[in-house]
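Right, one structure below, let's go through it.
The values are calculated or read from the model by the stated rules, or taken from the named source; none is laboratory data. All values derive from a computational prediction rather than experimental measurement. All Cβ positions, even for glycine, are placed from backbone atoms using ideal geometry, and neighbour counts span all protein chains on display.
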Amino acid sequence: MRQILYILLGLFLTIKVYCQSNYIDPTGTYELDSKTEKKGEDIFGYSGKIQVKKIKQDKIIMTFMICKGAPSYNSGSFVDTLDYNKNTVIYKTLDFDPSCLIKFDFNNKGIFVKETTNDLNSGCGFGHAVVADGFFKKTSSSEPLLKDPMTDEEIQ
């Protein structure tokens, strides 16, 4: 009986250490890794930026901005406090679009972002046909000075 308890305790500790060792500190700045093309004063192609500040092990503040580029420069953005669980964040916009869900999967190099919505033309409250998809490459692990993507005002 004692042997079984030791085995179970050992197994529990091994699993706990394994799970903790896979934790990725999300704090930092990330930029959309996509191709853009400059023609004159216009920039064609998607661009975007994410800033993350860890509040607790399982809670973050995130600023998110994505822009479709020329000719419309339609964009989408948000600032929110979100749950961080198993290196993943889920963002929902129940007020704008109940079908909206944006999943942020963190790894050591950045964040894979995937939006699902019933209408990609107006989903998640973003500008016309703006879709939050792609890989955002980590450009800094430093704690960012959080700024509202729309106003550039510092967030306290």
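Checked against the criteria, residue 46 does not count as touching a Phe, Trp or Tyr at 6+ places or on another chain (Cβ under 8 Å), touching a residue at least 12 places away in the same chain (Cβ under 8 Å) and either closer than 24 Å to residue 146 by Cα or not aliphatic (A, V, I, L, M) (or both). Identify all residues within segment 55-73 that are part of a strand (DSSP E or B) and either out of contact with any strand residue (DSSP E or B) (no Cβ under 7 Å at 6 or more places or on another chain) or over 16 Å from residue 110 (Cβ atoms) (or both); write none if there are none. Passing the criteria: 55, 56, 59, 61, 67, 68, 69. Here is a check on your reading of the model: is residue 124 in contact with a helix residue (DSSP H, G or I) (Cβ under 6 Å, 6 or more places away or on another chain), among the hydrophobic types (A, V, I, L, M, F, W, C), touching a residue at least 24 places away in the same chain (Cβ under 8 Å) and surrounded by 17 or more Cβ atoms within 10 Å (Cβ to Cβ)? No.
Across segment 89-104, the number of residues qualifying as touching a strand residue (DSSP E or B) at 6+ places or on another chain (Cβ under 9 Å), in contact (Cβ under 8 Å) with a residue 12 or more places away in the chain and either surrounded by fewer than 15 Cβ atoms within 10 Å (Cβ to Cβ) or of a type in the set (Phe, Trp, Tyr) (or both) comes to 4. Going by the structure shown, is residue 82 surrounded by 17 or more Cβ atoms within 10 Å (Cβ to Cβ), more than 13 Å from residue 32 (Cβ to Cβ) and free of Cβ contacts under 8 Å to residues at least 24 places away in the same chain? Taking the combined requirement at face value, the residue satisfies it. Of the set (1) in contact with a His (Cβ under 9 Å, 6 or more places away or on another chain); (2) exposed (fewer than 12 other Cβ atoms within 10 Å of the Cβ), all apply to residue 154 but (1). Residue check: residue 61 meets all listed conditions (1) under 26 Å from residue 36 (Cβ atoms); (2) within 11 Å of the chain's Cα centre (by Cα) but one, namely (1). Considered as a group, the residues in segment 21-37 that are modelled with pLDDT of 90 or more and not in a loop (DSSP other than H, G, I, E, B) include one that is surrounded by the fewest Cβ atoms within 10 Å (Cβ to Cβ), and that residue is 37.
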